[in-house]
Amino acid sequence: MFRCIESNCNWETTTITRLYEHLNKVHSSIETYVCNFTGCSRNYSVRSSFFRHYKKHYEDVAWRDIDAGSKSQVSNEVPQASEIKNTNVEEKNSETKEQNNDVELKCNLMKLEKEKSRIEMDDLSNKIKYLSVNLNLKWLNMNTLPRKTVFDMQRDVRTNILLPFKETINNMETVGLISRESGLIFKQMFDIFEGEETEYRLVQDLKALDLYADAREFIINDELRAGVVNNQQMLINDQISGMLMPMKFQLRKYLESTNVLRMILEGLSPSEDGYIRSLVDGSIWKHRTTASSEIVVPLNLFFDDFTTTDTVSPHASRTSICAIYYYIPCLPGHVLAKLSNILVTCYILTEDRKQYENDELFSALVDNLIQLETDGIEVTYEEKKITVYFMLGFITGDNLGIAGILDLVESARANFYCRVCKRNRFQREKDVREYPETFRNKESYYMDLELNDVSLTGIKKDSVFNRIPSFHVAFNIYFDLMHDLWEGVCVYGLAHCLNYFINTKRTFSLDELNARKNLFVFGNLNNSNIPNDIKDVNIAKSKIKLTASEVKTLITFFPLFMGNSIPSDDAVWNYFCNLLQICHILMLREVTMSLIETLRSLVEIHHSQYQDLFKDTLKPKHHNLLHYASSMLTSGTPRQQWAMRGEGKHREAKQYGRVSNNKINLCKSLSIKAGYKFAYNVLNNSFIPPTIDLGESKINAKPLTQDHERLLGDVSKQGIQYIDRLSKKGAVYEKGTIFYTILDKCIRLYELEDLMKDEKNTCMFICTRIYSSGFNDHLQSFEVHRSEEHRIIYDVEKTEIFAINLHEIDGKLFFRYCNFMQVD
């Protein structure tokens, strides 16, 4: 920092050139220039001589640039070391010459300042351009805002704000309130916003910034049909088309976003601790990638239909969309939970799917997948160019959707409905275990094709996806947890249980069930999925109309709010507890071999109990459950690839479809919207959430307590502050939060007492231990109790923690968790 040499002036600046300007304008009457550098008191009567001396103390960039860039022009002005000794004598004899040098020096300074101003203006222009583009994309990213409205808002901003402001600046320049240079700067700033109110200009800007690529409209069928044009009947060209997103562009930008490729590469390494997690731990992926030494990343496709308007609308058929998304299943669970990591690849009208063959519908998509597998894409990673290849992992979705996409029989009552085995319908209704000898494989698939009899094989035709070199329908061993378990097996079982307890056994009434449910404290982690009251008609029909999330919440906590009303030796209650244990294992993100065998045994018991207790045949989703243990070995845990988040992705298109007036080419509108949303995520690097987020944290200025200082021990107390909250992997932790850690395959419970961070934003938890009093088999929960024992977790970011809720029942505290892991 450079201070004015005038003793009565407190003005400061960051460059010597500004100090020169200040002295020239404000203190031009100074007769003697005294150096204020520490330890120096030399004085000069001529300003230029003083600055030649002053620059020796400060190696200012501006002065170095002047010396380097204009050496030839000012070589006669800059004194040599031998000349400095005689400076005072020369100044007195050649004052006029020094004044001329002063003018030339000032000109050089002005040239340099102009160059620096140009650079600063370029930086400012880039920042303003970024803010302008980001503002547009932020509005376009909103699901409930039509594109037309966004550009109408831009025009209003330009007309009512920018243009009046620009006119005001011009008037100020005319009357001399601002300089011509300042007016030019403002004009350049206003020019940045020119054209931003048109969608064409915005798209061009996004393409120039490498943020956007056009979706491609591909032709499904092109035929002539009778029609009316200009009130005349004639044959018109009726093209049936779909929209395909630019997958290569999307994947390149996605992988080049911050931390994305790093996390993918970490996830590609198979587990070495005996746990099975994602599909890379499954035998199918290992077999397909054994011979490859390249970077091969799995891609899962998700197929599903949704309607953007009311299903009873006269135009519902034209607004029902088949959406195809893709994601990378080896990413961590908290990353896949963000919908921005599920990318759109294709939109097709559902009614076109019913009319045309899969070969016509998905050939363009298959061609893209083949290119990604054989050619890969070049991305920049750690300042190096590398080639990344992609293999189709699994085609996912609900049972009906997968069967239709893969050209398999879709009817659940077909003889050979199962995608994995060839057990017929009557066998499936009674099977309590799977039969590996009936499993489908690549060889049997083509043998069945030769039979050309759907009733004997369950295969309608050779799938278009078999064109992909590394993929085959026989390898697509995938089952969806959401549809098979929470919307299938659990609904069947729960309906029979409630009918038994309410109508047959009369253990409790339906009103008592709803009352207890409504009074039960589910906790802040489950409040968004509390089910509505169950109706009597649902019980009578053995059907419960709830969403998958609501069924999950009801099943999980049913033992706590109703268990005390049910005898412990009740056979139906034992069936329910067995079902609960199955749900627990299937919802784990990592499982051991022993847990997989436990699951196989529990499913066999469950199917036997279901038939014996309720005198009901097994449904197709019960049969799917038989294959879950084997699918974990071949394909990884089902939780890592379930359809819940894919269904959640529909919300974006549904909301936009309802506010958009375009019902003629809805697929194109949705694809453009998806392109803008992707550009917004790329621009803001919003794919990978930070492990620790302190964005909403507030600092508490209170001093450290003696107890906390003692707990910190030898840790430096310098800069440690209390904070009120933090977010880790999407979960909020604040005072009173209950969480657990896993140490040596043992769960340890804690209650958060205080949160702290140091100067490096390393976060620490002060917490109290919660101990287990033992497992309650009847309630399928651990009874726990609080203690006065304080603990500290030093580095929260590096510690795996999981937020939970505890529940109080009859004065006792319970942790709803099945006993597949010990709780300390």
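Here is a yes/no grid of residues against (1) touching a Cys at 6+ places or on another chain (Cβ under 9 Å); (2) without any contact (Cβ under 8 Å) to a residue 40 or more places away in the chain; (3) farther than 30 Å from Glu294 by Cβ:
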site: Asn415; (1), (2), (3): no, no, yes
site: Glu443; (1), (2), (3): no, yes, no
site: Leu449; (1), (2), (3): no, yes, yes
site: Val464; (1), (2), (3): no, no, no
site: Ile477; (1), (2), (3): no, no, no
site: Tyr492; (1), (2), (3): no, no, yes
site: His496; (1), (2), (3): no, no, yes
site: Ile502; (1), (2), (3): no, yes, yes
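Which of the following residues is closer than 25 Å to Leu209 by Cβ and open to solvent by less than 30 Å² (accessible area, probe 1.4 Å): Asn685, Asn681? Walk me through it before giving the result.
On the way: Asn685 fails: open to solvent by less than 30 Å² (accessible area, probe 1.4 Å).
One residue alone meets the criteria, Asn681.
Taking the stretch 423-444 as the search range and keeping residues that are of a type outside the set (S, T, N, Q) and under 38 Å from the mean Cα position of the chain (by Cα), which one is least open to solvent (accessible area, probe 1.4 Å)?
For the stretch 423-444, the residue satisfying everything is Glu434.
Considering only residues that are open to solvent by 70 Å² or more (accessible area, probe 1.4 Å) and farther than 21 Å from Ile809 by Cα, which ones fall in the stretch 534-567?
Answer for the stretch 534-567, where residues must be open to solvent by 70 Å² or more (accessible area, probe 1.4 Å) and farther than 21 Å from Ile809 by Cα: Lys535, Asp536, Val537, Ala540, Lys541, Lys543, Lys545, Thr547.
Please indicate, with yes or no, whether at least one residue in the stretch 170-179 is open to solvent by 70 Å² or more (accessible area, probe 1.4 Å) and touching a residue at least 60 places away in the same chain (Cβ under 8 Å).
Initial filter on the stretch 170-179 (open to solvent by 70 Å² or more (accessible area, probe 1.4 Å)): 170-171, 174-175, 177.
Going one step further and asking which of them are touching a residue at least 60 places away in the same chain (Cβ under 8 Å), we end up with none.
So far as the stretch 170-179 goes, no, none of its residues is open to solvent by 70 Å² or more (accessible area, probe 1.4 Å) and touching a residue at least 60 places away in the same chain (Cβ under 8 Å).
Which condition number does Ile585 fail, the rest of (1) among the hydrophobic types (A, V, I, L, M, F, W, C); (2) closer than 16 Å to Glu487 by Cβ; (3) touching a helix residue (DSSP H, G or I) at 6+ places or on another chain (Cβ under 6 Å) being met?
The one condition Ile585 does not meet is (2).
Test each condition in (1) closer than 23 Å to Tyr478 by Cβ; (2) touching a Lys or Arg at 6+ places or on another chain (Cβ under 9 Å); (3) at pLDDT below 95 for His287 and report the one that comes out false.
Every listed condition holds for His287 apart from (2).
Could you list all residues from the stretch 726-756 that are closer than 19 Å to Leu711 by Cα and among the basic types (Lys, Arg)?
Within the stretch 726-756, Lys735, Arg748 qualify.
I'd like to check something: does the stretch 196-218 contain any residue that is under 16 Å from Phe151 (Cα atoms) and among the basic types (Lys, Arg)?
Yes, the stretch 196-218 contains at least one residue that is under 16 Å from Phe151 (Cα atoms) and among the basic types (Lys, Arg).
All but one of (1) more than 30 Å from Asp693 (Cβ to Cβ); (2) in a loop (DSSP other than H, G, I, E, B) hold for Glu800, so report the exception by its number.
(1)
Among the residues of the stretch 632-668, count how many are surrounded by fewer than 22 Cβ atoms within 10 Å (Cβ to Cβ), assigned to a helix (DSSP H, G or I) and small (Gly, Ala, Ser).
1
Scan the stretch 215-222 and tell me whether some residue there is in contact with a Lys or Arg (Cβ under 6 Å, 6 or more places away or on another chain) and either free of Cβ contacts under 8 Å to residues at least 12 places away in the same chain or surrounded by 12 or more Cβ atoms within 10 Å (Cβ to Cβ) (or both).
No, the conditions are met nowhere in the stretch 215-222.
Return the residues of the stretch 592-631 that are open to solvent by 30 Å² or more (accessible area, probe 1.4 Å), assigned to a helix (DSSP H, G or I) and of a type in the set (Ser, Thr, Tyr); say none if nothing qualifies.
Matches in the stretch 592-631: Ser594, Thr598, Ser601, Ser608.
Could you list, ordered by first residue, the pairs with Cβ atoms under 7 Å in which the first is in the stretch 543-556 and more than 17 Å from Gln581 (Cα to Cα) and the second is surrounded by 21 or more Cβ atoms within 10 Å (Cβ to Cβ) and of a type in the set (Phe, Trp, Tyr), at least 6 apart or interchain?
Ala548/Trp486
Go over the candidates Leu711, Leu726, Leu704 one by one and state the one that is among the hydrophobic types (A, V, I, L, M, F, W, C) and in a strand (DSSP E or B).
Testing whether each residue is among the hydrophobic types (A, V, I, L, M, F, W, C) and in a strand (DSSP E or B) leaves just Leu726.
Within the stretch 486-509, track down each residue that is over 41 Å from the mean Cα position of the chain (by Cα) and open to solvent by less than 60 Å² (accessible area, probe 1.4 Å).
Asn499, Tyr500, Phe501, Ile502, Thr507, Phe508, Ser509
Which of (1) more than 30 Å from Ile566 (Cβ to Cβ); (2) touching a residue at least 60 places away in the same chain (Cβ under 8 Å); (3) assigned to a strand (DSSP E or B) does Leu749 not meet, given it meets every other one?
Among (1) more than 30 Å from Ile566 (Cβ to Cβ); (2) touching a residue at least 60 places away in the same chain (Cβ under 8 Å); (3) assigned to a strand (DSSP E or B), Leu749 violates only (1).
Kindly provide the set of residues from the stretch 1-39 that are of a type outside the set (Gly, Ala, Ser), without any contact (Cβ under 8 Å) to a residue 60 or more places away in the chain and out of contact with any strand residue (DSSP E or B) (no Cβ under 9 Å at 6 or more places or on another chain), ordered by number.
Glu6, Asn8, Lys25, Val26, His27, Ile30, Glu31, Phe37, Thr38
So Lys517 clears everything in (1) touching an Asp or Glu at 6+ places or on another chain (Cβ under 9 Å); (2) surrounded by fewer than 16 Cβ atoms within 10 Å (Cβ to Cβ) except one condition, right? Which one?
Unmet condition: (2).
For the stretch 246-290, name all the residues that are hydroxyl-bearing (Ser, Thr, Tyr) and assigned to a loop (DSSP other than H, G, I, E, B).
Scanning the stretch 246-290 gives Ser257, Thr258, Ser269, Ser271, Tyr275, Ser278, Thr290.
Only one residue in Glu272, Glu223, Glu266 is of a type in the set (D, E, K, R), farther than 30 Å from Val150 by Cβ and at pLDDT 90 or above, so which one is that?
Glu266
Considering only helices (runs of 4 or more DSSP H) fully contained in the stretch 300-416, which possess at least 3 residues that are open to solvent by less than 10 Å² (accessible area, probe 1.4 Å) and not β-branched (Val, Ile, Thr)?
In the stretch 300-416, the matching helices (runs of 4 or more DSSP H) lie at 358-374.
Residues of the stretch 305-349 being at pLDDT below 90 and touching a helix residue (DSSP H, G or I) at 6+ places or on another chain (Cβ under 8 Å), which ones?
Thr307, Thr308, Thr309, Asp310, Ser313, Ser317, Arg318, Thr319, Ser320
Here's the yes/no breakdown for (1) open to solvent by 30 Å² or more (accessible area, probe 1.4 Å); (2) touching an Asp or Glu at 6+ places or on another chain (Cβ under 7 Å); (3) at negative phi:
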site: Tyr733; (1), (2), (3): no, no, yes
site: Ile738; (1), (2), (3): no, yes, yes
site: Tyr750; (1), (2), (3): no, no, yes
site: Ile770; (1), (2), (3): no, yes, yes
site: Asp795; (1), (2), (3): yes, no, yes
site: Ile801; (1), (2), (3): no, no, yes
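Just name the residue that is farthest from the chain's Cα centre (by Cα) out of those in the stretch 523-557 that are assigned to a loop (DSSP other than H, G, I, E, B) and of a type in the set (A, V, I, L, M). Full working, then the answer.
Within the stretch 523-557, the subset assigned to a loop (DSSP other than H, G, I, E, B) is 523-526, 530-535, 541-547.
Imposing the further condition that a residue be of a type in the set (A, V, I, L, M) reduces the set to 525, 530, 534, 544, 546.
Values: Leu525: 20, Ile530: 25, Ile534: 35, Ile544: 33, Leu546: 27 Å.
So, considering only residues that are assigned to a loop (DSSP other than H, G, I, E, B) and of a type in the set (A, V, I, L, M), the one farthest from the chain's Cα centre (by Cα) is Ile534.
From the list Asn358, Asn399, Asn341, exactly one residue is on the phi < 0 side of the Ramachandran plot and touching a His at 6+ places or on another chain (Cβ under 9 Å). Which is it?
Values: Asn358 fails: touching a His at 6+ places or on another chain (Cβ under 9 Å); Asn341 fails: touching a His at 6+ places or on another chain (Cβ under 9 Å).
Sole residue among the options that is on the phi < 0 side of the Ramachandran plot and touching a His at 6+ places or on another chain (Cβ under 9 Å): Asn399.
The values are calculated or read from the model by the stated rules, or taken from the named source; none is laboratory data. None of these values were measured; they are calculated from a predicted model. Neighbour counts are summed over all protein chains in view; Cβ atoms, including those assigned to glycine, are modelled from backbone coordinates with ideal geometry. Side chains included, ligands, DNA and RNA excluded: accessible areas come from the protein's heavy atoms. Shrake-Rupley method; radii C 1.70, N 1.55, O 1.52, S 1.80 Å.
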